[in-house]
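A short write-up of the structure that comes next.
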Amino acid sequence: MKQRSLFLIRFYLLTLIIFLVAKVAFMIANLTDHSFTAIDAANVIWHGLSLDLSTSIYFLLLPFIITMISLWWDGDLLRRILRVYYGVIAIMLALAFVADTCLYPFWGFKLDASCLQYLETPVEARASVSGLYMVIALIVLVTLTYGIYRLYRLIPFWESRASHQQTATLGNILLIPVFIIGIRGGLDESTTNVGQVYFSQNQFLNHAAVNPVFSFLSSFEKTASNIVDYDFFSEEEYKRLTQDLYPTTSEGTDSLLNTTRPNIVIVLMESAGDFLTKAMPNLRRLKEEGIDFTNCYGNTWRTDRGTVCTYSGYPSFPTSSVMKMPKKSSLLPGIASTLRQQGYKTSYLYGGDINFTNMRSYLIGTGWEKLTWKADYTSEEQSTAKWGVRDDITFNTLYNQICSIEPTDSTNYLFGFSTLSSHEPWDVPVKKIKDEEENAFYYLDLCIGDFISKLKATPQWKNLLIIFLPDHSIDHGTMNESVRLRNKIPMVWVGGAVKQPRKVTPFCNQTDLAATLLSQLQLPHDQFRWSRDVLSSSYRYPFAVHNYNNGFSMIDSTGFIVYDLDASRFVTNESSDASRMERIGKAILQATTADLKSMGTKK
């Protein structure tokens, strides 16, 4: 019995040590963007230890069962099963460590099940990184797998046959409650969770403390195609808290346009947060020439979410992607479907794979008739960027589509366009700014400047409304989810249909485009229940919300908060009334989730 106990103890301690070493390696690998001290590393290890201790027990379960069986039958088959198990967990651990470390610079959060959705389109999934990066990652993965496997093989098996089997079996059975308590993290009502290891105002240190295997496994209930329930309040209470926050009718709206039936172009600029416009002089000039929504904030952190927020005026969610739910997304309202009912022709342009994250299904379901995407270009054009067709080429396609409209044509047109070059790996043909990310936005801005300059010389310009806004913002330098300006986005309306330059100053979200635009066209927008006409006198409480991976932020006249749902605490508190904002933010999340969950179930 002693040898078997030593075997289990050694196995458990080795697993724990591997987790601890992986934490340090994760921090070192991300040192370029996140500095830390030796004390920080020690705190990460200490505060993350409880989760590592619990997760290590999961891996111990099979060896524990095998040692129990060996008390009565000690065949060599048991040792062969353990060797296979070593290989399985070596692959599992290596994959978790490498994926977690590689994805963190792009995503800014720990490994979870949402990464699996991108495996459906692997070409697009790997477009953010170079081939060399993938080769290095693969070499590290193979080497790490072999190394972990060899470490487990160093653990000596028991040699002697068991004596006193009945007593030893009883002792093992009595250990089962200890395993259960260890896995659930104690006897308290709350069970083991990611948030229990958070200890710092520096989110990187909190994330480093999280065990990536536990984060991945525990997130399966929160995958992009599932709906997570948020039960902060009773139904009566969350409805009371959200009452009148999202008016669906307009009152006394100022007119920004000189026509109610312009041809409309909506350009979703990949990742173009407002702080990045310092590298975009043409867009800054357009802000002065047109209508500048100076306090607009992005709802979300990913393209699939941001696309839905923009065109359907529908909210984002911390872990769920509505675009990944065809049965739900097909029921959403859409700017395109609404305008089609008014006789508009609609077409959408994207230089990448329009099947990525279920984009095609969403676009068709919400009213876009003609889709132009990567497959419609030559093979040479398709290879001009990692994600597909380069922006200067697709902007030229959009220009030609607009110019195909006869000035005397009584039919109106809506064009949607998603850019793609301002995205990792920032592979653009211009090298003007040393910072490669800012340089990519400078290139996007060159495309915008050329596009607008050419359009101004056409007769189509007179009846044209062009709306620029991004799908989301990004982390860059000191900008992260805890910083107020990180999710501030430009929203600019330009074109011959614009009456005069103007600054629109109330806080708003990208979801408010739908109601605000339709109101300018003197069309009802009551279908867009989560979109607000920010120029209406019914918009009495200006605020903006943003969701990221299991957290949310909110801004209003009292200040700014960021709230972590895993840790159940503020990450940033810059508000004079933070507790009220927290309650409203939670109520909005609960109300919108309930709306999503009920969609398609009502008779």
| For residue 570, net neighbour charge (Lys/Arg +1, Asp/Glu -1) across residues whose Cβ lies under 9 Å away | -1
| query | At residue 254 and residue 378, where each label point lies 7 Å from the Cα along Cα→Cβ, what is the point-to-point distance in nanometres? | reply | 4.9 nm
| query | Among 343-355, 139-151, how do they line up from the highest to the lowest mean number of other beta-carbon atoms within 10 Å? | reply | 343-355, 139-151
| message | Rolling a 1.4 Å sphere over the protein heavy atoms, what is the accessible area per residue of the range 34-103, to the nearest Å²? | response | 44 Å²
| said: Sequence gap at least 6, Cα distance under 8 Å: using those rules, report the relative contact order of the range 527-603 to the nearest whole percent. | reply: 17 percent
| field | Accessible area expressed per residue, the range 317-359, with surrounding protein chains retained (probe 1.4 Å, Å²) | value | 31 Å²
| task | Summarise the long-distance tail of P(r) for the range 1-116 by giving the % of C-alpha pairs beyond 23 Å. | result | 41 percent
| query | Which of the listed residues, 107, 140, 313, is farthest toward the dipole's positive end in the chain, when Lys, Arg count +1 and Asp, Glu count -1 at the beta-carbon? | reply | 140
| Heavy-atom accessible surface of the chain: percent carbon and sulfur, 1.4 Å | 57 percent
| Contact order relative to length of the range 278-426, as percent, for alpha carbon pairs under 8 angstrom and 6 or more apart | 22 percent
| Where 381, 288 fall by accessible area, highest first, once all protein chains stay in place (1.4 Å) | 288, 381
| message | So if each residue of separation counts as 0.36 nm, and I subtract the Cα-Cα distance between residue 294 and residue 458, what length gain in nm does that give? | response | 56.2 nm
| query | Among all helices in the chain defined by DSSP H, which have a length of 24 Å or more along the axis from Cα atoms plus a Kyte-Doolittle mean of at least 0.5? | reply | 2-29, 38-70, 76-107, 131-153, 165-184
| Using a 1.4 angstrom probe with every protein chain in place, what is the largest-first accessible-area order of 406, 251, 380? | 380, 406, 251
| query | So how do 236-242, 86-92 stack up, highest first, on mean other-Cβ count within 10 Å? | reply | 86-92, 236-242
| task | Check cross-link reach from residue 327 to the aspartates and glutamates: straight Cα distance under 15 Å, and skip same-chain residues fewer than eight apart. | result | 595
| query | So what is the 222 nm mean residue ellipticity for the chain from helices alone, if each DSSP H run of at least 4 adds -39500 (n - 2.57) and you divide by all residues, rounding to the nearest 500 deg cm²/dmol? | reply | -14000 deg cm²/dmol
| said: I need the calculated FRET efficiency for the pair residue 435 and residue 235, taking r as the beta carbon distance and R₀ as 51 Å, to the nearest 0.05. | reply: 0.55
| Percent relative contact order of the chain, based on C-alpha pairs within less than 8 angstrom and at least six residues apart? | 20 percent
| request: Name all residues of the range 428-442 having a backbone nitrogen under 14 Å from the label point set 7 Å from the Cα of residue 35 along its Cα→Cβ direction, giving them as ranges. | output: none
| Hey, what does the equivalent ellipsoid look like for the chain, semi-axes from the Cα gyration tensor as sqrt of 5 times each eigenvalue, largest first, whole Å? | 50, 27, 21
| note | Over 31 Å (Cα to Cα) among 239/503; 287/328; 374/431; 386/499 -> 239/503; 287/328; 386/499
| query | What dipole magnitude, in Debye to the nearest 20, does the chain give about its Cα centre under +1 on Lys/Arg Cβ and -1 on Asp/Glu Cβ? | reply | 760 debye
| note | Taking 82, 62 and ranking on accessible area (1.4 Å, protein atoms only), highest first, one gets 62, 82
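The values are calculated or read from the model by the stated rules, or taken from the named source; none is laboratory data. Keep in mind it's a predicted model, so treat the numbers as computed, not measured. All Cβ positions, even for glycine, are placed from backbone atoms using ideal geometry, and neighbour counts span all protein chains on display. With ligands, DNA and RNA removed, areas are computed over all heavy atoms of the protein, side chains included. Shrake-Rupley method; radii C 1.70, N 1.55, O 1.52, S 1.80 Å.
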